[in-house]
Amino acid sequence: MNMELPARPKPGSAIVRPTIADCDIHPCLAKPSDILPYLPKRWQDHAMTYGMLPRHGYQSGPAYPKGQPDAARLDSWPPDGRPGSDLSFMQAQHLDANQVELGIMTVIAPAAGAAQNLDYSAALARALNEWQVAEWASKDSRLKASIVIPYEDGAAAAAEIDHWAGHDAFVQVLLLSRTAEPLGQRRYWPIYEAAQRARLPVGVHAFGYGGYPVTAGGWPSYYIEEMVGHSQCCQALLTSMVIEGVFERYPGTRMVLIEAGLAWLPSLSWRLDKHWSRMRDETPHLRRPPSEYIRDHVWLTTQPMEEPEKRKHFHDIVEWIGIDRLLFATDYPHWDFDDPLWAVPVKLDEAARQALFLDNAKALYGRA
Amino acid sequence: MARHVIAPASALPPGERLVAEVAGRKVVIFNLDGAYFGLFGRCPHQGGDLCLGRTTGLVEAGAEPGEYSYTRRGEILRCPWHGWEFDIRTGRSRAEPARVRAKTYDVEVKSGAELFDGPYQAETIVVSIEQDYIVVQA
């Protein structure tokens, strides 16, 4: 019922959106039982009778309530089911609308790798991988999958990586950041060995169920503390990987830290180098300063991007990390989605923009 | 600047909202106890669709730690993406009122008679003299 009186101002000019890679897209099951057809009967019965116990005491949901229902954009609910569960809705709202040429899927729920029953963890990981191929990657060639693994069981995780190695749908191995032990420790080495063998990057997405408080200081009171706690958690796991010598032992390892922020990385590198120069002989297996391992082996996804008070400081952060190590991500359909057109708080030159939004991801994930 | 007749005033009771396309842009119009306000439907932070945002009140600290007030019930619009809060009356964001604000539109209610008598002609809906209409300046 819109009626305009005399002058009709011209509508806003159309926005041209450049082609992008989105390195953090979350498909999810419309309902939990949708995974059952992908599970063997023995595990279907288990799922329906007992369900999944995450490594996380006395509760079934995530540790903290989220910023919006189901942690999703209010406009991302398809007609049926949860946000992220309907491919055609995702295509229209995100892949087509935002010109996504390459979309890296990161399935974080159900958090199969965090299941306390390690056999169920492995079965559910396999089912989610089959589901990603059948329901997503085979239906839209823009979407590439991450191998969900039972990461608390190194041998089973390596077997899952080996199973999918060379499959065109999979471009990454995926873990969550909260684990039973710091990720550099030996129980996880088979994962890095298998990923190196398969020539796949290892993505670590924030969240998960480690069984420990979500900050280094204990359980905080508020969701906002969990959100910023991800950077602590990822600093701890990255420090562990560097100091334990993972990158020395598996030099083909390429780590992608997903949704954990980025401005903290230079500070961590500087601090590690400072201490390493004094305590080098404690960890003689490290042949180089820690910052060099980080520079050579670590990528970061951008969302949710830091927005410095003085916008120009974002250029400093990019320079310290290296533009070639940053991967644009939206986190679709989650509520803290970054819009590719508006999320970067500064104007990048064309070469940097192209690297951050597309080329880095295509090179890293072998799609160049 | 033109005036756009959006709907009969009766279509927007107090406490409700109405989404209209005005000069090619989606605008969300609110009736706060008889006062009308229009906001551009695009969040100035990153572009979420403000037309879909929930309305809330304003939770603020009192004089002492632990004291809270809840005021401005229904006068705050939250972006459906990142939850930024906007004052429906001014468009200003709660977090950064000076820098980040939603574009506002002047909204008024005119009688059908005024619309007929003025220099403006209704084009696509029939304006009857007996009713009042919501008119947006854009």
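Side notes on the structure shown:
- Inter-residue pairs, beta-carbon under 8 Å, first of a type in the set (Asp, Glu) and in the stretch A:262-284, second assigned to a helix (DSSP H, G or I) and surrounded by 12 or more Cβ atoms within 10 Å (Cβ to Cβ), 6+ apart: A:Asp273/A:Pro290; A:Asp273/A:Ser291
- In the set (1) at pLDDT 95 or above; (2) within 25 Å of A:Thr301 (Cβ to Cβ); (3) more than 14 Å from chain B (Cβ to nearest Cβ), the condition left unmet by A:Val16 is number (1).
- Single residue of B:Glu21, B:Glu16 found to be more than 7 Å from every other protein chain (Cβ to nearest Cβ), among the acidic types (Asp, Glu) and either touching a Leu at 6+ places or on another chain (Cβ under 8 Å) or under 30 Å from A:Asp336 (Cα atoms) (or both): B:Glu16
- Tally of residues being surrounded by fewer than 23 Cβ atoms within 10 Å (Cβ to Cβ) and under 14 Å from A:Trp264 (Cβ atoms) across the stretch A:238-248: 1
- Of all residues in the stretch B:103-118, those satisfying the criterion of being part of a loop (DSSP other than H, G, I, E, B) and either among the charged types (D, E, K, R) or at pLDDT 95 or above (or both) are B:Lys103, B:Asp106.
- Residues being within 14 Å of A:Leu183 (Cα to Cα) and touching a residue at least 40 places away in the same chain (Cβ under 8 Å) - total across the stretch A:212-248: 14
- Annotation: of all residues in the stretch A:179-200 being of a type outside the set (Val, Ile, Thr) and surrounded by 24 or more Cβ atoms within 10 Å (Cβ to Cβ), the one that is farthest from A:Leu53 (Cα to Cα) is A:Leu200.
- Only residues that are farther than 30 Å from A:Asp331 by Cβ and surrounded by 14 or more Cβ atoms within 10 Å (Cβ to Cβ) were counted in the stretch A:250-287, giving 4.
- Check on B:Phe86, part of a strand (DSSP E or B), modelled with pLDDT of 95 or more, in contact with a helix residue (DSSP H, G or I) (Cβ under 8 Å, 6 or more places away or on another chain) and not β-branched (Val, Ile, Thr): yes
- Of the listed requirements (1) facing another protein chain (nearest Cβ under 10 Å); (2) touching a helix residue (DSSP H, G or I) at 6+ places or on another chain (Cβ under 6 Å); (3) under 17 Å from B:Glu108 (Cα atoms), B:Pro80 misses just one: (3).
- Scanning the stretch A:285-301 turns up one or more residues that are polar (S, T, N, Q) and touching a residue at least 40 places away in the same chain (Cβ under 8 Å).
- Among residues of the stretch A:161-179, those that are in contact with a strand residue (DSSP E or B) (Cβ under 6 Å, 6 or more places away or on another chain) and not small (Gly, Ala, Ser), counted: 10
- Subset of the stretch A:53-88 (residues that are in a helix (DSSP H, G or I), buried (at least 18 other Cβ atoms within 10 Å of the Cβ) and not small (Gly, Ala, Ser)): A:Leu74
- Across the stretch B:70-114, the number of residues qualifying as aromatic (Phe, Trp, Tyr), over 23 Å from B:Pro8 (Cα atoms) and in contact (Cβ under 8 Å) with a residue 24 or more places away in the chain comes to 3.
- None of A:Ala127, A:Ala145 is under 18 Å from A:Asp22 (Cα atoms) and touching a helix residue (DSSP H, G or I) at 6+ places or on another chain (Cβ under 6 Å) except A:Ala145.
- Residue count for the stretch A:318-344, restricted to those that are away from chain B (no Cβ under 11 Å) and free of Cβ contacts under 8 Å to residues at least 12 places away in the same chain: 1.
- For the stretch A:35-76, filtered to residues that are among the charged types (D, E, K, R) and under 22 Å from A:Gly208 (Cα atoms), the residue that is nearest to the other protein chains (Cβ to nearest Cβ) is A:Arg73.
- Residues within the stretch B:24-67 that are within 11 Å of chain A (Cβ to nearest Cβ) and either closer than 20 Å to B:Arg94 by Cα or of a type in the set (Val, Ile, Thr) (or both), tallied: 15
- There is at least one residue in the stretch A:60-74 that is among the hydroxyl-bearing types (Ser, Thr, Tyr) and modelled with pLDDT under 95.
- Counting only strands (runs of 3 or more DSSP E) that fall entirely inside the stretch B:17-66 and contain at least 3 residues that are free of Cβ contacts under 8 Å to residues at least 24 places away in the same chain and surrounded by fewer than 16 Cβ atoms within 10 Å (Cβ to Cβ), the qualifying elements are B:54-61.
- Qualifying residue in the stretch A:89-108 (condition: part of a helix (DSSP H, G or I), closer than 14 Å to A:Cys28 by Cβ, free of Cβ contacts under 8 Å to residues at least 60 places away in the same chain and not basic (Lys, Arg)): yes
- When the stretch A:114-140 is limited to residues that are part of a helix (DSSP H, G or I) and of a type in the set (Ser, Thr, Tyr), the one that is surrounded by the most Cβ atoms within 10 Å (Cβ to Cβ) turns out to be A:Ser121.
- Residue check, B:Gly34 under 19 Å from B:Gln137 (Cβ atoms) and modelled with pLDDT of 95 or more: no
- Single match in A:Val107, A:Val133, A:Val100 (criterion: over 24 Å from A:Glu181 (Cα atoms) and touching a helix residue (DSSP H, G or I) at 6+ places or on another chain (Cβ under 7 Å)): A:Val100
The values are calculated or read from the model by the stated rules, or taken from the named source; none is laboratory data. Remember, predicted model here, so these are calculated numbers, not experimental data. Positions of Cβ are generated from backbone atoms using ideal geometry, with glycine treated the same way; all protein chains shown enter the neighbour counts.
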